[in-house]
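The values are calculated or read from the model by the stated rules, or taken from the named source; none is laboratory data. The structure displayed is predicted, hence computed values, not measured ones. A quick note on method: Cβ atoms are made from the backbone with ideal geometry, for glycine too, and the neighbour counts reach across all protein chains shown. Note: accessible area is taken over every heavy atom of the protein model, side chains too, but ligands, DNA and RNA are not part of it. Shrake-Rupley method; radii C 1.70, N 1.55, O 1.52, S 1.80 Å.
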Amino acid sequence: MYWRRVAELPGWLKAVMLGQLVSAAGSLAWIYLTLYLVEDRGMSPQEAGFAAAAYGVGLLLGNLSGGWFGDRFGLRRAAVASQLTWAAACLAMPAVPVAGLAVLAAVAGLCGGATRPNLSALVATALPADRRREGIALSRSASNAGFTIGPPLGGLLAAYNFSLVFIVDAVSSVVLAVVVWRWVPPATRVVAAQATGVWRAMRRDKSILVLLLAIVVVDTVYRQLFATLPLLLRDAGSPAVAYGLLIGASSVVIVLLEAPLAIRLRNHLSSRVIATGFALVGIGLAVLGVWPALAGAAVAVAVITAGEMLYKPTATAHVADAAPEGMTGRFSSLYAAASISGMFLAPALGGVTYQHHPNLLYPAAAALALTAAAVIYVTQPARTAAPVGS
């Protein structure tokens, strides 16, 4: 049934997902940015950190603003423009003087961040409500499959010539832009709603605002997997490669299982699926609190990955379902920004807590995720697709 349903997707959507895989496999610049700035451009670690932070700020602003451009000028056109400007920024990186690198990094983050909400909105608007979760899960799977290829490829290129990292990233981004422009039909563009603003629409449906706040909380604690788990394993005496294997295995599981799981659960209430995903994240973090060792981390990562596969595609579709006509891009932007908030909050909050109260970090994170699960279970309206034949 899984492959039959994949085959039933519009041809242009399958082409876009293939383009996403290529683009994700070439998404190397942001991974190796700090190392490049220090080794090739002679920046100090502090200067490189500020430039990377500028990229992060641009990324957040791009996620917030990208959907507005998509609703205003068309999701297809906005996605293509953001990919091409990102490619231009990648090609400019080796040529720009050191003094301008932080500004260029911020511009690159802005352009790169704008792509995500528009692609999510394209998928959401292309599919009927009963297929949005699986479509978004498939889109995520394509990107995750590319991400499993990218870091090793980038490491090889960086060892030979760092400039190749930016060239490959630019070329892969142009490939996605060409695919979107060539195969996405213009009819999928959304006409911007004129009657109301996004904040007024959100005030009418406060449950979405509650969900977005819950996503900020859960993303912050979820990203302790990347912010503080490496420190926990180091202090437990585990080699760095063990952490890499855990995260790599998590990515493989997501690629293989997230989309089939979304298909299996497509007729379940989205609020229940999201709440269950949040709860699994909380349980996984609780495991780390009581079993701070490699074996405990393996169990925790498995449970948290299961939670991620439940809540991420479902919450993305849930927000798109709630968007008024012509606002899918803007609602997707708000969700995209909330869903990367942990990239900024997790290292700061987790690092301080781990340094001063290491035994408190994971129990507190677990409590926050479980509280978010309870809030979503109680407050979210019943949004589910109409049952369809299997």
Could you run through the range 122-174 and say how many residues are assigned to a loop (DSSP other than H, G, I, E, B) and surrounded by 17 or more Cβ atoms within 10 Å (Cβ to Cβ)?
2
Between a first residue in the range 135-164 that is closer than 13 Å to Ser251 by Cβ and a second residue that is surrounded by fewer than 17 Cβ atoms within 10 Å (Cβ to Cβ), which pairs have beta carbons less than 6 Å apart while being 6 or more apart in sequence or on different chains?
Asn144/Ser251; Thr148/Ser251
Answer with yes or no whether Ser332 is assigned to a helix (DSSP H, G or I), among the polar types (S, T, N, Q) and either touching a strand residue (DSSP E or B) at 6+ places or on another chain (Cβ under 6 Å) or farther than 14 Å from Ala137 by Cα (or both).
yes
Give the residue that is nearest to the chain's Cα centre (by Cα), with candidates limited to residues of the range 302-357 that are of a type in the set (Phe, Trp, Tyr) and surrounded by 18 or more Cβ atoms within 10 Å (Cβ to Cβ).
Tyr335
Failed condition for Val241, given (1) without any contact (Cβ under 8 Å) to a residue 12 or more places away in the chain; (2) in a loop (DSSP other than H, G, I, E, B); (3) of a type outside the set (Gly, Ala, Ser):
(2)
Can you name the number of the only condition in (1) touching a helix residue (DSSP H, G or I) at 6+ places or on another chain (Cβ under 7 Å); (2) within 19 Å of Ser172 (Cβ to Cβ) that Pro10 fails?
(2)
Scan the range 82-106 residue by residue and report those that are within 20 Å of Pro186 (Cα to Cα), open to solvent by less than 50 Å² (accessible area, probe 1.4 Å) and among the aliphatic types (A, V, I, L, M).
none
Odd one out for Gly289, checked against (1) at pLDDT 90 or above; (2) under 19 Å from the mean Cα position of the chain (by Cα)
(2)
Take the residues of the range 186-211 that are over 25 Å from the mean Cα position of the chain (by Cα) and outside any helix (DSSP H, G or I): which is modelled with the highest pLDDT?
Gly197
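Among the listed residues Val252, Val303, which satisfies the condition of being of a type outside the set (Gly, Ala, Ser), modelled with pLDDT under 90 and assigned to a helix (DSSP H, G or I)?
Val252
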Of all helices (runs of 4 or more DSSP H) fully inside the range 1-72, the set with 3 or more residues that are out of contact with any Pro (no Cβ under 7 Å at 6 or more places or on another chain) and either open to solvent by less than 30 Å² (accessible area, probe 1.4 Å) or among the β-branched types (Val, Ile, Thr) (or both) is 11-25, 33-39
State whether the residues of the range 262-274 include one that is among the hydrophobic types (A, V, I, L, M, F, W, C), modelled with pLDDT of 95 or more, open to solvent by less than 40 Å² (accessible area, probe 1.4 Å) and out of contact with any Asp or Glu (no Cβ under 9 Å at 6 or more places or on another chain).
yes
Sort through Leu256, Leu265 and tell me the only one that's out of contact with any His (no Cβ under 8 Å at 6 or more places or on another chain) and farther than 29 Å from Ala293 by Cβ.
Leu265
Within the range 229-250, is even one residue surrounded by fewer than 19 Cβ atoms within 10 Å (Cβ to Cβ), out of contact with any Phe, Trp or Tyr (no Cβ under 8 Å at 6 or more places or on another chain), over 30 Å from Val303 (Cβ atoms) and among the acidic types (Asp, Glu)?
no
